[in-house]
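These notes concern the structure reproduced below.
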Amino acid sequence: MNNIEVLAAYLVIGLSASVALSVIAVKAKVIRRGAVPQSVLVGTLVTLSGLPSVLLFILFLLYATIVTRLGKEPKIKLGVAYDLEGRGARQVAAVGFTPSVMAMVSAATYAVGLAAVAKIFLISYVASLAATSADTWASEIGVLSRSNPFLVTMPKAKVTPGTSGAVTLLGELSSLAGSAAIALTYLALAAAFNHSPNWVKFNWTTVNPTIQVVLLVFALGYLGEVLDSLLGALTQPKYYCDRCGMVTEQEVHTCGGRARLIYEPRIKLSNEDVNLLTSLIVAITTVLVTLAFSHLLG
């Protein structure tokens, strides 16, 4: 089969497999029922990029599910166990839009003979996953920290766990680990599929993950999480509970006391909006960096 025929075959396979896997994901409480259409679309687009891309995305979801379910009871007590019943439609779209589009563009450009362009967008696909992974690990593990988080824009303020823009040392270390997990998985998959037929790895035939590429994915993944925290702090209202002496996002704090508004952003974004914007910025940055330093990336 030529590349166009392979791409068409992957489209059919991807659609069928994504429907089946989305049903399984609902039963496993990875996503909610209302998120199935978004899940199918994301899965189909990722599948276009070949088996290694699919495996990387599945492992990314597996890692995210594991860290989400860590410390279930403490998260319930803190009132931050939002995702234990699965991610909703907006979350799936926010997390999956950028990497799935990068994967699709990489596959399409490879199919028409633009291998160099395909490689750039494939690296961008991996980097956007690394950024989302870093943010998920930071949020889901950092909230379990025994030390009080602080707001990235107000380092001296005590913050309610789970507040957008709140960071802890445990969370930042977890963010580094989350980004590294994707970068190293990318490296392992590239090595594992090195001698596979071209139709199996498809646009991964362009991959030569040098140490520069792996470090780039790792660095941009972590910086994506830092950007996510900053945007979360700047684009969502903040309140202060005088009773507890803590900053929160809720008008009524968890203690039951009414909090007073101390920061009103000019531009308000939801968590999903911030996640989507961050992944887009990381993806675009990856494309620009790989273009500028292509001689270093192999």
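For region 201-260, name all the residues that are among the aliphatic types (A, V, I, L, M) and farther than 30 Å from I123 by Cβ. Explain how you work it out, then say what you get.
Kept after step one, since they are among the aliphatic types (A, V, I, L, M), are these residues of region 201-260: 207, 211, 213-217, 219-220, 223, 226-227, 230-231, 233-234, 246-247, 252, 259.
Passing the criteria: M246, V247, V252, A259.
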Quiz item: Give me the pairs: first residue in region 50-79 and β-branched (V, I, T) and assigned to a helix (DSSP H, G or I), second residue at pLDDT 75 or above and buried (at least 21 other Cβ atoms within 10 Å of the Cβ), beta-carbon distance under 7 Å, and six or more apart or on different chains, which are they?
Solution: V54/V46; V54/T47; T65/V30; V67/T136; V67/W137; V67/E140; V67/I141; T68/E140
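Filter region 164-185 for residues that are hydroxyl-bearing (S, T, Y) and part of a helix (DSSP H, G or I); which is farthest from D228 (Cα to Cα)?
Of the residues in region 164-185, the ones hydroxyl-bearing (S, T, Y) are 164, 168, 174-175, 179, 185.
Pick out the ones that are also part of a helix (DSSP H, G or I) and you get 174-175, 179, 185.
Working: S174: 15, S175: 11, S179: 14, T185: 23 Å.
Restricting to residues being hydroxyl-bearing (S, T, Y) and part of a helix (DSSP H, G or I), the top hit is T185.
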Practice problem: Check whether at least one residue in region 241-261 is within 18 Å of the chain's Cα centre (by Cα) and surrounded by fewer than 14 Cβ atoms within 10 Å (Cβ to Cβ), and report yes or no. | Solution: no
Quiz prompt | Number of positions in region 102-122 that are in contact with a Leu (Cβ under 7 Å, 6 or more places away or on another chain) and closer than 30 Å to T235 by Cα | solution = 1
Exercise. Examine region 53-62 for a residue that is surrounded by fewer than 20 Cβ atoms within 10 Å (Cβ to Cβ), touching a Ser or Thr at 6+ places or on another chain (Cβ under 6 Å) and closer than 29 Å to L173 by Cα, and state whether such a residue exists.
Key: yes
Practice problem: Could you tell me which of the residues G86, G71, G96 is more than 23 Å from A180 (Cα to Cα) and of a type outside the set (F, W, Y)? | Solution: G86
Exercise. Run L288 past the list (1) assigned to a helix (DSSP H, G or I); (2) closer than 17 Å to G165 by Cβ and report the number of the one that doesn't hold.
Key: (2)
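Results for (1) among the hydroxyl-bearing types (S, T, Y); (2) free of Cβ contacts under 8 Å to residues at least 24 places away in the same chain; (3) more than 25 Å from T65 (Cα to Cα), shown as yes or no for each residue.
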| position | (1), (2), (3) |
| --- | --- |
| I141 | no, no, no |
| K158 | no, no, yes |
| T168 | yes, no, no |
| G171 | no, no, no |
| A177 | no, no, no |
| L184 | no, no, no |
| P197 | no, yes, yes |
| F202 | no, no, yes |
Practice problem: Mind listing whichever residues of region 26-52 are of a type in the set (G, A, S) and out of contact with any Ser or Thr (no Cβ under 6 Å at 6 or more places or on another chain)? | Solution: A28, G34, A35, G50
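The values are calculated or read from the model by the stated rules, or taken from the named source; none is laboratory data. This is a predicted model, so every value here is computed, not measured. Cβ sites come from the backbone with ideal geometry, for glycine too, and all protein chains shown count toward neighbours.
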